[in-house]
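Enquirer: The structure's right below; bear with me while I get my questions together.
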Amino acid sequence: MAASQLYQDQHGTEMEQAISGPLRYHNVCVLWIQCQPEVLNKRLDDRVDDMMSRGLIKELEEFHHSYNKDRLTNHSKVEYQLGIFQNIGFKEFHDYLILPEEEKCTEQGKQLLEQGVDDMKRATRKYAKKQVRWVTNRFLKRPDPDACPVYALSGTDITRWEENVGSPALEIVSSIIEGRIPSQEPLPLEPNGKNPAVHNVCDACGGKVFLTLADWTRHRNSKRHRNTVMKKRREEQELLRNER
Ligand SMILES: [Zn+2]
């Protein structure tokens, strides 16, 4: 099943989505494993280094030669906004990948490679921040009485995973299943502004929240939103084609 189909199902019908964007299932809870930003950033950086040591560059070179090189000769401007090409860790190495083989081991080549690693780390951190923003917008800025509770668990110290994540998660979920109130309080909802009766979240635009129906309608009709939706649709189609 395509991811887009899953999102669609989770949001219920188009009609419901237009009014309130509710979740399809009731009695849902969210377990949000959080991490202190400094610790998370270090972890993300380490992951990039780890990918490098496990042969990321070789993989990117192969992909570049099989799929990207021809594109570059056909177009004067490089497009990294579509489908697979926008994945973190590919466009960041563009300058290095287009170097002729013999230049890759020169001083300049090494510098470009290092630049690529730095850029990839920066992009990964930025993406992680965006995910946090998305969860906050989607689940905490929701004045809906139906809003599902979000329980924060700390993944900062993985040596204490069981104590900080494993057992509290089990306690929360089993309490909810058995109809008891979990001992841990959910995160508070964030202040919601002028009209608590209507709210909407635009997933296509990165989880933007609209607090009035007028704002939501205006947004849905805006050129920007429609372009974003169309672009996403094209990307998904291209991804599907690539998977075949
Ligand atoms: Zn939108």
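The values are calculated or read from the model by the stated rules, or taken from the named source; none is laboratory data. Please read all numbers here as calculations on a predicted model, not as lab measurements. Cβ coordinates were reconstructed from backbone atoms using ideal geometry, including for glycine residues, and neighbour counts include every protein chain displayed. Heads up: the accessible areas ignore ligands, DNA and RNA and are worked out on the full protein's heavy atoms, side chains in. Shrake-Rupley method; radii C 1.70, N 1.55, O 1.52, S 1.80 Å.
Here is a yes/no grid of residues against (1) of a type in the set (Lys, Arg); (2) open to solvent by 30 Å² or more (accessible area, probe 1.4 Å); (3) on the phi > 0 side of the Ramachandran plot:
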position: 100; (1), (2), (3): no, yes, no
position: 129; (1), (2), (3): yes, yes, no
position: 163; (1), (2), (3): no, yes, no
position: 169; (1), (2), (3): no, no, no
position: 177; (1), (2), (3): no, yes, no
position: 181; (1), (2), (3): no, yes, no
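Enquirer: With the structure loaded, tell me whether residue 27 is modelled with pLDDT under 90, under 30 Å from residue 160 (Cβ atoms) and either surrounded by 12 or more Cβ atoms within 10 Å (Cβ to Cβ) or not small (Gly, Ala, Ser) (or both) or whether it fails that test. Don't jump to the end; show me each part of the working.
Expert: Numbers: modelled with pLDDT under 90: yes; under 30 Å from residue 160 (Cβ atoms): yes; either surrounded by 12 or more Cβ atoms within 10 Å (Cβ to Cβ) or not small (Gly, Ala, Ser) (or both): yes.
So residue 27 passes the test.
Enquirer: Can residue 179 be described as assigned to a loop (DSSP other than H, G, I, E, B), among the small types (Gly, Ala, Ser) and either within 16 Å of the ligand (Cβ to nearest atom) or at pLDDT 80 or above (or both)?
Expert: Yes.
Enquirer: Check residue 116 against each of (1) in a helix (DSSP H, G or I); (2) modelled with pLDDT under 90 and name the one condition it does not meet.
Expert: Failed condition: (2).
Enquirer: How many of the residues in segment 210-222 are within 11 Å of the ligand (Cβ to nearest atom) and within 24 Å of the chain's Cα centre (by Cα)?
Expert: 5
Enquirer: Among all residue pairs at least 6 apart or on different chains, which show Cβ distances below 8 Å where the first residue, located in segment 219-234, is within 19 Å of residue 209 (Cβ to Cβ) and the second is at pLDDT 85 or above and in a helix (DSSP H, G or I)?
Expert: Hits for this filter: 219/225.
Enquirer: Further question on the same structure: Take the conditions at pLDDT 90 or above and outside any helix (DSSP H, G or I) and apply them to residue 169. Does it pass? Show your work before the answer.
Expert: On the way: at pLDDT 90 or above: yes; outside any helix (DSSP H, G or I): no.
Considered against the rule, which asks whether it is at pLDDT 90 or above and outside any helix (DSSP H, G or I), residue 169 comes out as no.
Enquirer: Please enumerate the residues belonging to segment 202-228 that are surrounded by fewer than 15 Cβ atoms within 10 Å (Cβ to Cβ) and under 22 Å from residue 135 (Cβ atoms). Break it down stepwise before answering.
Expert: Filtering segment 202-228 for residues surrounded by fewer than 15 Cβ atoms within 10 Å (Cβ to Cβ) gives 206, 214, 217-218, 221-224, 226-227.
Matches in segment 202-228: 206 only.
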